Amino acid sequence: MTLSFYDTKPYDHQYFRHAAEGTAVRLRYHDFRLTAETVSSAQGAQAVCVFVNDRLDRACLTALAGLGVKLVALRCAGFNNVDRAATSELGLLIVRVPAYSPHAVAEHSVTLLMALNRKIHRAYNRVREQNFSLGGLVGFDLHGKTVGIVGTGKIGRITAQIYRGFGCRVIAHDPFPMTDWATAQSISYVPLETLLKESDVVSLHLPLTPQTNHLLNADTLALMKPGAYLVNTSRGKLVDSAAVIQALKSGHLGGVALDVYEEEEGIFFEDHSGDILQDDVLSRLLTFPNVLITAHQAFLTHEALTEIARVTLDSIQRFNDQKEPVAERIVS
Ligand code: NAI
């Protein structure tokens, strides 16, 4: 079977080529994203493989179904970029990789917080310029601080345990609390408002849904402790970036670490170093010394990429063999 593969990067080639060896799946790589405008490139394919910034809206899905595509395989966990109502109406099967390495994402979120807190991003540049001064590099001990984990799914729980290892007090918020786990880890669930008021670090680990869109906005950011840090490795639209800029300008927020950005589509994953950045909000965020941004790389470990390629190919092969795919099927 032919699989059209979108938004391909060199590491995708490397890991998927290896995983596809000996299978009946023929990979057709495209370096552009799948959208309603590019969907004709799926002609002749029975399945497509997409990532976080491909846009599977109704128009794109309708065109895919019209071309005879039967399976959409997301090589990621989040599926907020898919119109799920349209997929079930069109009879398309959508699969994703629900968990590849929650450790990869959890470890990256803590790495961002640690680097930001101890000003590693600034120290690195200084030392390379033979500037060995320490002015402005004062951080804080994590030990004894309160960390608020919003969303205690696979990634949130690992992140919480890492912070427990630092000797932090960890509080959590989730509409579906894991009470046994929390008791074992000495973590208590609290309402979101309490979490925001009490935490020195707020770390987001929940999916983007219509209910969680801009969960952190001007009102909820105002509830945060003055000087608190915000970490988001989940989805950009969980946070109102314009409100974050205001909270940074006023000094209310102590620091912001982001691996995701609400308008990252078309910017992240690409080299724009020779371009004039047109996104004024992102440009402003990049000017703050207490903001650290990575371009959606929390998943980028050898273990995670190996597992993403293995599970996705397994799923596609099982679909081809008329078996139920192993990767989680997304239902509306
Ligand atoms: P999960 O499905 O295991 O856990 C999500 C948790 O969020 C669940 O416990 C759920 O009950 C909770 N939740 C839902 N609505 C909530 C709300 N309003 N308030 C608090 N909690 C709420 O998901 P997982 O695997 O832990 O992923 C978490 C996030 O990380 C997702 O948004 C995913 O898209 C993102 N992610 C980011 C990656 C990156 O490379 N930056 C890679 C993989 C995932």
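The values are calculated or read from the model by the stated rules, or taken from the named source; none is laboratory data. Small disclaimer: the values here were computed from a predicted structure and weren't measured. Here Cβ is always computed from backbone atoms with ideal geometry, including for glycine, and neighbour counts include all displayed protein chains. SASA here: full protein model, heavy atoms, side chains in, ligands and nucleic acids out. Shrake-Rupley method; radii C 1.70, N 1.55, O 1.52, S 1.80 Å.
For ILE94, the residues whose amide H sits under 5 Å from its own are VAL72, ILE330, ignoring neighbours fewer than 5 places away on the same chain, with H placed 1.01 Å from N. In a DSSP loop and with at most 11 other Cβ atoms within 10 Å, there are no chymotrypsin sites (Phe, Trp or Tyr not before Pro) in the range 3-111. Largest accessible area first, the listed residues ASP174, ASP141, ASP180 line up as ASP180, ASP141, ASP174 when surface is computed with a 1.4 Å probe on the assembled protein chains. Only helical runs count toward this figure. For the chain, summing -39,500 (n - 2.57) over DSSP H runs of n ≥ 4 and dividing by all residues gives -10500 deg cm²/dmol at 222 nm. In the context of the full set of protein chains, the range 102-293 has a per residue accessible area of 48 Å² (1.4 Å probe). Treating each Cα of the range 238-332 as an identical point scatterer and summing with the Debye formula, the log10 of I(q)/I(0) at q = 0.10, 0.17, 0.25 Å⁻¹ comes to -0.45, -0.86, -1.27.
With the whole protein complex present, HIS103 retains an accessible surface near 100 Å², based on a 1.4 Å probe. 3J(HN,Hα) along the range 64-79, derived from phi through the Karplus expression 6.51 cos²θ - 1.76 cosθ + 1.60 where θ = phi - 60°, amounts to 4, 4, x, 7, x, 6, 10, 10, 10, 10, 7, 8, 7, 8, x, 9 Hz, with x in place of Gly and Pro. Using alpha carbons only, the radius of gyration of the range 102-293 set against its Kirkwood radius gives Rg/Rh = 0.97.
In the structure displayed, which of LYS145/LYS237; LYS70/LYS154; LYS70/LYS323 lie more than 21 Å apart, Cα to Cα? Those over the limit are LYS145/LYS237; LYS70/LYS154. State which stretch of the chain is the longest one without any exposed GluC sites (Glu not before Pro), exposure meaning a DSSP loop state and at most 14 other Cβ atoms within 10 Å. By the stated rule (loop sites, at most 14 other Cβ atoms within 10 Å), 130-262.
Computed over the range 1-157, the convex hull of the alpha-carbon atoms projects to a mean area of 13.3 nm².
Between PRO207, PRO175, PRO102, the Gaussian network model of the chain with springs among Cα atoms under 10 angstrom shows the greatest mean-square fluctuation at PRO175. For the range 166-261, the pair-distance distribution built from all alpha carbon pairs, in bins 10 Å wide starting at 0, is 16, 49, 30, 5, 0 percent. Geometric descriptor of the chain, per residue, is 149 Å³ (volume of the convex hull of the Cα atoms). What a 1.4 Å probe finds exposed on the chain is 53% carbon and sulfur by accessible area, rounded to a whole percent.
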